[in-house]
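Asker: The structure's right below; bear with me while I get my questions together.
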Amino acid sequence: MTTTINFRDKHLETIFTKVQNGERLSLEDGLAMYATNDFISLGKMAHYVQQQKSGDAVYFVLNRKIEPTNICVLSCKFCDFATKKGKPNAYEMTTEEILSKLSDELHEVHITGGMPADWEWERYLNILRDIKKHFPNIDIKAFTAIEIDFFHKKFHLPIEEVLRQLVDVGLRTMPGGGAEVFSERVRRLLFNQKIGAKVWLDIHRTAHKMGIPTNCTLLYGHIETLEERIIHLLKLRELQDETNGFLSFIPLAFQPGDTNIKPRSQYTSAIDDLKTIAISRLMLDNIPHIKAYWVMLTEEVASVALNFGADDMDGTVGEERIAHDAGAISPMKLAKEQIVKIIRDAGKIPVERDIYYNPLNIFSENVIGKIPYLNATPFYNSMEKQQFKILPIAPRRMGELAKKNQIDAGLFSLVDFLQQENSFELLNGCIATRDQVKSVMLFSNFVWEDLQGKKIGITDETATSVQLLKVLLEKKYKVKAQFERMHSGVNDYSKYDAVLLIGDTALQAKHHNYFGYELVFDLAKEWYEWQKLPFVFAVWAMKKNLSGEKKETLKVILQHSMENGEDNLETIGLLHGKAIGLTKEEIVEYLQGFNYHLGEREKEAMKVFKFLMEREREKVVE
Ligand code: SF4
């Protein structure tokens, strides 16, 4: 994808060249971006990166924020929310009150609050337990690192044990607050009883290693310097390099309220908010999502932010006491329809998501699904979208949305295509292997024959690869294993005898010491040695019920992008491949290992696989 920006600030031009070459931005680059008056170019740079990561998607979640109490043992100077027990405004919610604020349509509850001296550990566990019991479909994001540290100290439990017990009662992810800005100077002045950078980072590192994805934030616009903001971002980027456990970054604009840190009316300017979002998108090249937190930004600024690097609007939220007690000026509740409208008006696809950023529903027409892996770059890198919008989405999720009639066309996982064959028309494009694939891999502590009865963790992203694994195990090796679907994002692989991983994650294996496993099997190679056929992992298809005009357009844009992609295999995946740690030679060799056209041998391979898969299903039914 090429983007031309008419820079007025030559510093930005240099920085953009680095971005386009996949080079890391430095502290100096971050400061130069804050210093620039070429505001529009900065936004365009961030939008370029956002497009690479999220295409036209902007996410939101139907969620509810709950603060079970505002009583807190600490007294942070910037906090207008907390109070002391016995004060007239102090409150402590009962379980019934908490449950009364939830409903079945929600997908996420976000729990943070004060830290009272007299709550027992069981009370926290019971809140989560009761939510899961009454609302099994609501995922729980709860407790910032400072609360986790508080539990650890107050209840004399190691951090791992605190997290383990919370996961057992329903915790899925953690919010990102608690450290505000990683600066000892600011910490001493504003919240000297709170944890500093090291403890915050250690707690998130521990969570990631235990398979708990988390989020991260920056509280800006109080007494911090611009340099302190950038250093904060660099520290987050460093931890993400190590663990890959952050889902999103949320810049939080400081609300002065009655904190006496700044005059009540001195909110951060819209320019500062938008610059911070854009700079965050550019500096945090390894964090998937940047949130425009509308509760604090206002609807108007959040809407512009969607073209300045942000790809998430957060959610419907409900009450949000910490921000509102400090005087946030946004309405308390932005209905789903309004969020959808704001996203549409920004020219994007509104995507309702779950806590892990899996798309649940999309609210747009003319959508092409894009498998966001390196091997799909030859199809999408130079795609002229015409009237279509592009939604990057894991193969299994694309199949689910297609079933709901929410995707017009895309590169579908083979199994999803076969299951919906009657409503799809094949196009001439596929991801087929010649002999090996290198990115659909079983990492195992056992050879195939010894996997009988063993527990295999399977990635949440795939439909076809799981079926291929089952066929190989049961037909080729005559063994039956147990399968457990893992969640999206980081997982604790040590729980499994083997794990099936696909796409970029599998390609990065050597950088992660093969996830601790001794053996690595390439599923396409296993298939080839057995059947002497290629394996077709994905096929291009479009909905049969599209208009003739749309179908023609799709055929033309696919053909053009494929021609361009195949002619430029040496360069087309460079940026993507570099971002996941591959060398130029590795990228080219990998991309040249595929056949992108659906020929007779590929069609024969599809038939054989379909036959084996259906035989397997029939046997299960018998
Ligand atoms: S910011 Fe959090 S820890 Fe600090 S006083 Fe407020 S509620 Fe307590």
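Asker: For 353, 188, 24, 205, write out the residues from largest to smallest accessible area, computed with a 1.4 angstrom probe and no ligands counted. Let's see the in-between values first.
Answerer: Numbers: 353 5, 188 150, 24 95, 205 65 Å².
So the residues, ranked largest to smallest area, are 188, 24, 205, 353.
Asker: Net charge near residue 45: determine it from the other residues with C-beta under 14 Å of the C-beta of residue 45, scoring Lys and Arg +1 and Asp and Glu -1. Write out the running numbers ahead of the final one.
Answerer: Values: positive: 8, 10, 18, 44, 53, 275, 281; negative: 9, 13, 23, 29, 38, 285.
Taking every Cβ under 14 Å from that of residue 45, the sum is +1.
Asker: What do the square roots of 5 times the Cα gyration tensor eigenvalues come to for the stretch 23-161, in whole Å, largest first, as semi-axes of the equivalent ellipsoid? If you can, show how the numbers build up before the last one.
Answerer: Numbers: eigenvalues 270, 98, 51 Å².
Over the Cα atoms of the stretch 23-161, the ellipsoid semi-axes are 37, 22, 16 Å.
Asker: How much of the DSSP bridge set in the stretch 10-361 is antiparallel, in percent, rounded to the nearest 5?
Answerer: Working: 3 of 30 bridges.
In the stretch 10-361, approximately 10 percent of DSSP beta bridges are antiparallel ones.
Asker: Continuing with the same structure: Take 465, 382 and sort them by solvent-accessible surface of the protein heavy atoms, 1.4 Å probe, largest at the top. Before the final figure, lay out each step's value.
Answerer: Details: 465 5, 382 40 Å².
In descending accessible area the options line up as 382, 465.
Asker: Residues of the chain: accessible area per residue at 1.4 Å, in Å²?
Answerer: On the way: 24810 Å² over 622 residues.
Averaged over the residues of the chain, the accessible area is 40 Å².
Asker: Subtract the Cα-Cα distance of residue 28 and residue 338 from 0.36 nm times their separation in residues, and report this length gain in nm to one decimal. Don't skip to the answer; put the middle values down first.
Answerer: Details: separation 310, 0.36 × 310 = 111.60 nm, distance 3.87 nm.
So the chain would gain 107.7 nm between residue 28 and residue 338.
Asker: Mean 1/r over all different Cα pairs, inverted: what Kirkwood radius does the stretch 529-622 give, in Å? Working shown, then result.
Answerer: On the way: mean 1/r = 0.0608 Å⁻¹.
It works out to 16.4 Å.
Asker: When Lys and Arg each count +1 and Asp and Glu each count -1, what net charge do the other residues less than 13 Å away from residue 201, Cβ to Cβ, add up to?
Answerer: Neighbour charge sum, excluding residue 201 itself: 0.
Asker: Translational D (Stokes-Einstein, µm²/s) of the chain at 25 °C and 0.890 mPa s when Rh comes from the Kirkwood sum over C-alpha pairs? Walk me through the numbers on the way to the answer.
Answerer: Numbers: Rh = 25.6 Å.
Rounded, D is 96 µm²/s.
Asker: Which cross-chain or sequence-distant (5 or more) residues have an amide H under 5 Å from the amide H of residue 411, H modelled 1.01 Å from N in plane?
Answerer: Sorted by chain and number, the residues that satisfy this are 369, 371.
Asker: Now for a different question. From the phi angles alone, apply the Karplus equation (6.51, -1.76, 1.60; θ = phi - 60°) to the stretch 42-59 and give each ³J(HN,Hα) in whole Hz, x where the residue is Gly or Pro.
Answerer: Going residue by residue, I get 4, x, 5, 4, 5, 5, 4, 5, 4, 4, 4, 8, 10, x, 9, 7, 10, 9 Hz, with x marking Gly and Pro.
Asker: Against the longest principal axis of the chain, how steep is helix 10-20, in degrees 0 to 90 to the nearest 10, with axes from Cα atoms?
Answerer: Value to nearest ten degrees: 50.
Asker: Sorted by accessible area with a 1.4 angstrom probe, largest first, how do 187, 615, 397 fall? Present the calculation step by step, with values, prior to reporting the outcome.
Answerer: Values: 187 50, 615 110, 397 30 Å².
Result, largest first: 615, 187, 397.
Asker: Which Cα, out of 71, 12, 574, lies furthest along the positive dipole direction of the chain (beta carbon charges, K/R +1, D/E -1)?
Answerer: 71
Asker: For the chain, list the cysteines whose Cβ sits under 4.7 Å from no other cysteine Cβ?
Answerer: Here 72, 216, 430 come out as lacking a disulfide-compatible partner, given the Cβ-Cβ threshold of under 4.7 Å.
Asker: Now, a different point. Which far-off residues, 5 or more places away or on another chain, put their amide H under 5 Å from the one on residue 452, with H placed in the peptide plane?
Answerer: Amide H to amide H, under 5 Å and 5 or more residues apart or across chains, residue 452 pairs with nothing.
Asker: Near the amide H of residue 353, under 5 Å away, which other amide H atoms are found, from residues 5 or more places off or on another chain, if H is placed in the peptide plane?
Answerer: Residues meeting the criterion, in which the H sits 1.01 Å from N, are 60, 61, 62, 360.
Asker: While we're looking at this one, here's another question. Quick one: accessible surface of residue 219, probe radius 1.4 Å, all protein chains present, in square angstrom to the nearest 10.
Answerer: The accessible area comes out at roughly 20 Å².
Asker: Moving on to the next point. Can you give me the solvent accessible area of residue 39 with a 1.4 Å probe, rounded to the nearest 10 Å²?
Answerer: Here the residue's solvent-accessible area equals roughly 40 Å².
Asker: Just how much of residue 79 is accessible, in Å², when a 1.4 Å probe is used and the result is rounded to the nearest 10?
Answerer: The accessible area comes out at roughly 40 Å².
Asker: Run through the stretch 427-491 and list the trypsin sites (Lys or Arg not before Pro) located in a DSSP loop whose Cβ has at most 14 other Cβ atoms within 10 Å. Each step should come with its number before you reach the end.
Answerer: Values: sites: 434, 438, 454, 455, 470, 475, 476, 478, 480, 485; in loops: 434, 438, 454, 478, 480.
Loop-located and lightly packed - 434, 478, 480.
Asker: What net charge is computed for the residues neighbouring residue 459, neighbours being all others with C-beta under 10 Å from the C-beta of residue 459, Lys and Arg scored +1, Asp and Glu -1? Show your work: numbers first, answer last.
Answerer: Numbers: positive: 396, 485; negative: 460, 461.
Neighbourhood net charge equals 0.
The values are calculated or read from the model by the stated rules, or taken from the named source; none is laboratory data. Keep in mind that what you see is a predicted model, and the values were worked out from it rather than measured. Note that each Cβ is placed from the backbone with ideal geometry, even for glycine, and that neighbours are counted across all protein chains shown. Surface accessibility is based on the protein's heavy atoms, side chains included, excluding ligands, DNA and RNA. Shrake-Rupley method; radii C 1.70, N 1.55, O 1.52, S 1.80 Å.
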